[in-house]
Amino acid sequence: MSDRVVPSLSFRCWVAMALAGAATLLGLFLVLAEEVVLDGRGWLDRTTSIEIREYATPDRTEAVRAITELGSSWFAAIVCGGILLWLLWQRRFSTAVAIGGIFLIAKLMETGLKLTFERARPTVVPHLQDAGGYSFPSGHTMTAVITYGLLAAVLVGQLSGRLRYVPPAMAALIVAAVGFSRVYLGVHYLTDVLAGTLVAGACLILAIAALTLLDQPTPSKHPAVRAETP
């Protein structure tokens, strides 16, 4: 008999739903890119940037600058390093390698999308933080979705009961805070943040599906001996 792992029907249904969800998010991203970047329909971006800037104060700006660092590459590298060390300590070497590869692929995708669309940074309001490069999609938002989404996925496996809902809720809160901070600081449009959330969300769904398949238990090479009945 073959030792190949055959996923259960319920797991295959879950994977199919994950693929459908990822495809839906990518489709929404493409629609947003066409409407906003290619066709130049930016009235929502201009309105939200101006409205949010009206609530800016020096103290709030300092707090938002701290929040936005949660989506920076250097901070994400620290979180990613912590995840990898935890997985290595648990001797989950394949999962550790896969997560490292996911982070690398996500950064390459971010760079590729920015170079593809070449959307300039907002000029509607003055920037409250230095930012270079292109604007679409938001790199900080993409980084936050991937980083804290994967962290939540790892933590959920270590918890039980209602505590399992805490990591995803905290991850969603951090992503929302980072996205808001980019618009508040004037370095991104709202649609940049939405686009980053959509494309990174699709990547996260596929990544979690792949990691779940990777963590599926393998059957024993030595089948258990059945007790014979007289």
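Looking at (1) part of a helix (DSSP H, G or I); (2) within 28 Å of Ala152 (Cβ to Cβ), which is the one condition that is false for Arg91?
(1)
In the range 57-90, which residue that is farther than 25 Å from Glu110 by Cβ and at pLDDT below 90 is surrounded by the fewest Cβ atoms within 10 Å (Cβ to Cβ)? So that I can check it myself, show each step before the final result.
Taking the range 57-90 and keeping what is farther than 25 Å from Glu110 by Cβ, we get 57-63, 88-90.
In the following step, the residues that additionally are at pLDDT below 90 were identified as 88-90.
Details: Leu88: 13, Trp89: 9, Gln90: 12.
Residue satisfying both the conditions and the ranking: Trp89.
Could you list all residues from the range 122-156 that are surrounded by fewer than 16 Cβ atoms within 10 Å (Cβ to Cβ) and of a type in the set (Gly, Ala, Ser)? I'd like the intermediate steps shown before the answer.
Step one: filter the range 122-156 for residues surrounded by fewer than 16 Cβ atoms within 10 Å (Cβ to Cβ), giving 123-124, 126-127, 129-130, 132-133.
Correct list: Gly132, Gly133.
Those residues that are over 16 Å from Leu190 (Cβ atoms), acidic (Asp, Glu) and modelled with pLDDT under 85, I need them from the range 1-38; list them, please. Give the steps one after another, and end with the answer.
At the first step, the residues of the range 1-38 found to be over 16 Å from Leu190 (Cβ atoms) are 1-27, 30, 34, 38.
Filter once more, so that each one left must be acidic (Asp, Glu): 3, 34.
Correct list: Asp3 only.
Assess whether Ile99 counts as being at pLDDT below 90 and not acidic (Asp, Glu).
Values: at pLDDT below 90: yes; not acidic (Asp, Glu): yes.
Yes, satisfied.
Condition first: closer than 19 Å to Thr116 by Cβ, surrounded by 11 or more Cβ atoms within 10 Å (Cβ to Cβ) and either touching a Pro at 6+ places or on another chain (Cβ under 6 Å) or among the β-branched types (Val, Ile, Thr) (or both). Can you find one or more residues in the range 34-54 that meet it?
Scanning the range 34-54, I find at least one residue that is closer than 19 Å to Thr116 by Cβ, surrounded by 11 or more Cβ atoms within 10 Å (Cβ to Cβ) and either touching a Pro at 6+ places or on another chain (Cβ under 6 Å) or among the β-branched types (Val, Ile, Thr) (or both), so the answer is yes.
Look at the range 85-109 and say how many of its residues are among the β-branched types (Val, Ile, Thr) and farther than 12 Å from Ala207 by Cβ. Quick ask: steps written out before the conclusion?
Residues of the range 85-109 that are among the β-branched types (Val, Ile, Thr), as a first pass: 95, 97, 99, 102, 105.
Next, from what is left, pick out any that are farther than 12 Å from Ala207 by Cβ: 97.
The total comes to 1.
Being without any contact (Cβ under 8 Å) to a residue 12 or more places away in the chain and at negative phi is the requirement here; does Leu113 meet it?
Details: without any contact (Cβ under 8 Å) to a residue 12 or more places away in the chain: no; at negative phi: yes.
No, not satisfied.
Being part of a helix (DSSP H, G or I) and surrounded by fewer than 14 Cβ atoms within 10 Å (Cβ to Cβ) is the requirement here; does Gly101 meet it?
Values: part of a helix (DSSP H, G or I): yes; surrounded by fewer than 14 Cβ atoms within 10 Å (Cβ to Cβ): yes.
The answer is yes for Gly101.
Taking the residues in the range 181-216 that are in contact with a His (Cβ under 7 Å, 6 or more places away or on another chain) and not hydrophobic (A, V, I, L, M, F, W, C) as candidates, determine which candidate is farthest from Ala106 (Cα to Cα). Outline the logic, then answer.
Quick first cut of the range 181-216, residues in contact with a His (Cβ under 7 Å, 6 or more places away or on another chain) only: 182, 185-187.
Add one more test, that the residue is not hydrophobic (A, V, I, L, M, F, W, C), and what stays is 182, 186.
On the way: Arg182: 19, Gly186: 24 Å.
Ranking the qualifying residues of the range 181-216, first place goes to Gly186.
For the range 157-172, give me the residue count where each residue is surrounded by 12 or more Cβ atoms within 10 Å (Cβ to Cβ), at pLDDT below 90 and assigned to a helix (DSSP H, G or I).
1
Select from the range 173-214 the residues that are under 14 Å from the mean Cα position of the chain (by Cα) and more than 30 Å from Asp130 (Cα to Cα) and write down the one among them that is surrounded by the most Cβ atoms within 10 Å (Cβ to Cβ). Full working, then the answer.
Initial filter on the range 173-214 (under 14 Å from the mean Cα position of the chain (by Cα)): 173-179, 193-209.
Next, only the ones that are more than 30 Å from Asp130 (Cα to Cα) stay: 205-209.
Numbers: Ile205: 21, Leu206: 19, Ala207: 24, Ile208: 17, Ala209: 19.
If we take residues in the range 173-214 being under 14 Å from the mean Cα position of the chain (by Cα) and more than 30 Å from Asp130 (Cα to Cα), then Ala207 is surrounded by the most Cβ atoms within 10 Å (Cβ to Cβ).
Based on what the data block shows, is Arg119 surrounded by 13 or more Cβ atoms within 10 Å (Cβ to Cβ) and assigned to a loop (DSSP other than H, G, I, E, B)? Let's see the steps before the verdict.
Numbers: surrounded by 13 or more Cβ atoms within 10 Å (Cβ to Cβ): yes; assigned to a loop (DSSP other than H, G, I, E, B): yes.
The answer is yes for Arg119.
The values are calculated or read from the model by the stated rules, or taken from the named source; none is laboratory data. Given the structure is predicted, the values throughout are model-derived calculations rather than measurements. A quick note on method: Cβ atoms are made from the backbone with ideal geometry, for glycine too, and the neighbour counts reach across all protein chains shown.
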